[in-house]
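In what follows, a single structure is set out as structure tokens and then discussed.
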Amino acid sequence: MAQPILKTIPLSELRISKLNMRHSRKKPDVSDILPSIRESGIRQTLLVRKEGDHYGVVAGRRRYFALKEIEKETGDTPLVPCAIMAENDAASAIAASVIENVGRLPASEMEQYTAFKRLHDEGRGVDEIAAFFGVTDLLVRRVLALASLADPIRKLYAEDEIDRETIRALTLATPDQQAEWLRLYESEDERAPRGRNCKAWITGGAVITTDKALFDIADYDGQITADLFGEHGVFADPDAFWKAQSAAVAQRIETYIADGWKDVICLERGAFFHRWDHQTRTKKQGGKVYVELRHDGTVTFHEGYVSQAEARRMETAKKGDDDAPAAPVKPEMSGPLAEYILLHRHGAASASLAGQPAIALRLMVAHAMTGSALWQVRTHECTSRKEETRASLQGSKAAAEMEEKRARIAALFEAFGVRGEARRNTDAYRLSEIFAALLAMSDEEVMEVLAFTMAQTLEAGGPVVEAVLHVCETDLSEHWKPDAAFFDLLRDKRAINAMVADIGSRSLAESCASDTAKVQKAIIGNRIMGHGCEPNRDWRPAWMQVPPARLVEGAGSPPADAWARIAGLFERGEHIDGAGTQAFDQPHAA
């Protein structure tokens, strides 16, 4: 950005620039800065640019509205110190607005999209935008991917009518698919697919990602859709993928045969290889290779197995039994007949399970622990890029408690000769093994496993965490205290000053309002430790209380915003006699 020109401009000649990332937002709360500006005036210049017959405020929106309030009070038009940018430097203007606002308040994804797209339209490349704001190229590409969405869909996302997983799936959709999705969304009789189902709907069924390919992607002629929100691309045409994948499988089969394996058996797509129905045999012992094809494109080669029947025949032949059949026995069912029988057995099993809640509960827990073709469950993993945040979490009391529970659950399963750790590999034998162990446990033990499994798979952030903290009546002071990482990440002076008022007094906060953030954080730390006052070691900021509260009126606060969204669901019935969490203290399996 070129060096701006400094000039004093009457307030009447200023407007909020359309390049300001909060141009269309409602009037901000300026009560925190108004007293200071009344007394001392503007200490920091507004960043403006010439726009027609007036100047547009690029950075300094709150200062502008504070001056408007003073103008109403006094009737005089203030003169405002401004730094004037070049009119043709729109990209720098947008960047300056984003920096000003993000430094003060984290921007939403849609606000980032608006700013990044304007920069992109002004000729800035993805790498330039990323370098300018200190973010990754991938983040910029992900935000700009929202440009592929129809305006009505972006509007729904901005209004929190669409969740993040759904909007990310819709970035893969063609314009026609987006139009059809909107039709379903607006329909009274049909439902638009959401989340993972939306992604499957867009891709025409199972989502097949590029990491599943056995063939060289560079030689693939079909279309691959870039998925900026996943680690891999997505094959747009499943039929084209399977044509290439089948050719690669056939080549691998030929390699196995040439390598001396007795046989390679390719199972029907979707059929599972059941290890429990086979025995291991080496290549020299006549072992075979079984090829398992999943609908999601995964291909697994199971080397060195024979069926139980073949193993018995081998043992009989080894003992010299002349009556042993020389040729393998033909299956007693054709493929279509087997499908017919298995589907009817599935129907009977489903109907039976629906009437046996205790058994169904145990099977559900087993599914949550191992996964299946129809269950995709992941444990929560800390993905913070901040090493200090990861270290703080690892050393927390909550992490220690979870580790103790993990050992307890492992011991429960080990008592039945089963490994208790959750391995979500969708293996049917592993699922049945966990299910069998759960059937042998008491209701109390099953509920213990259930609670731990749910805790492992609880998504971080958002309304569900706030709902759990509220319903469980969690005392956050037992699990967290302000540590060095917290104070290092704490930057907003408005929030820091509000904390000083909370742990000290309003007059103390007012007296140090002009001090640096470092000085005010030191005051908070001294109050906690009791340096020169009574210690207040149980103090926690409003963000870390149940329910959470915002420290700055009108400012975005993720925990407070999440609770505000669902508070009515959990608070409206609490006045009813007998309501509360005690009803959940002793859950039953049936």
The set of residues whose placed amide H lies less than 5 Å from the amide H of Ile208, leaving out same-chain residues fewer than 5 positions away, is Phe235
Taking placed amide H atoms and a strict 5 Å upper bound, the residues 5 or more places from Ile265 or on another chain that come that close are Val289, Tyr290, Val291
Add +1 for every Lys or Arg and -1 for every Asp or Glu among the other residues with Cβ under 14 Å from the Cβ of Arg540, and state the total.
-> -1
Where N is the number of residues in the range 476-584, Cα Rg divided by 2.2 N^0.38 Å | 1.26
Can you pull a Stokes-Einstein diffusion coefficient for the range 149-203 at 37 °C (0.692 mPa s), Rh from Kirkwood over Cα pairs, as a whole number of µm²/s?
-> 300
At q = 0.10, 0.13 Å⁻¹, what base-10 log of I(q)/I(0) does the Debye formula yield for the range 238-330 when every alpha carbon is treated as an equal point scatterer in vacuo?
-> -0.32, -0.51
Local electrostatic count, Pro238, Cβ distance below 14 Å [Lys/Arg +1, Asp/Glu -1] = +2
Spin-label model distance (nm) - Gln223 vs Thr298, 7 Å beyond Cα toward Cβ = 2.8
Work out, step by step, the length gained on full extension between Tyr340 and Thr457: first 0.36 nm times the residue separation, then minus their alpha carbon distance; give nm to one decimal.
-> 38.5 nm
Protection-proxy order for peptides 257-265, 60-68, 373-381, 433-441, each taking the mean of Cβ atoms within 10 Å per residue, highest first | 60-68, 433-441, 257-265, 373-381
Using 0.36 nm per residue of separation minus the Cα-Cα distance, give me the extension gain between Ala436 and Glu51 in nm, one decimal.
-> 131.3 nm
Just check the range 350-446 against the gyration tensor rule for me: Cα atoms, a ≥ b ≥ c as the square roots of the eigenvalues, rounded for a/c under 1.5, and otherwise prolate or oblate depending on whether a/b exceeds b/c.
-> prolate
Long-range amide H contacts for Ala59: which residues qualify at under 5 Å (H placed 1.01 Å from N, peptide plane, sequence gap of 5 or more or a different chain)?
-> Leu47
Quick one: what are the phi-derived ³J(HN,Hα) couplings along the range 525-534, Karplus 6.51/-1.76/1.60 with θ = phi - 60°, whole Hz, x for glycine and proline?
-> x, 5, 5, 5, 7, x, 7, x, 7, 5
What are the lysines whose alpha-carbon lies under 26 Å from the alpha-carbon of Lys481, with same-chain residues fewer than 8 places away excluded?
-> Lys386, Lys397, Lys405, Lys493, Lys518, Lys521
Which aspartates and glutamates does Lys117 reach when only Cα atoms under 13 Å apart count, and residues fewer than 8 places away in its own chain are ignored?
-> Glu109, Glu128
So how do 535-545, 499-509 stack up, highest first, on mean other-Cβ count within 10 Å?
-> 499-509, 535-545
Chain lengthening between Thr379 and Ser477 when straightened (0.36 nm per residue, less Cα-Cα) | 32.8 nm
The range 9-15 - phi-based ³J(HN,Hα) in whole Hz, Karplus 6.51/-1.76/1.60, Gly and Pro as x | 10, x, 4, 5, 9, 9, 9
Cross-link reach list, lysines versus Lys243, counting only Cα pairs under 21 Å and skipping chain neighbours closer than eight places | Lys212
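Taken together, the values in this text are just the output of simple stated rules run on the coordinates, not laboratory data. Bear in mind the structure is a predicted one, so any value in this text is a computation, not a measurement. We place every Cβ from the backbone using ideal geometry, glycine too, and count neighbours over all the protein chains shown.
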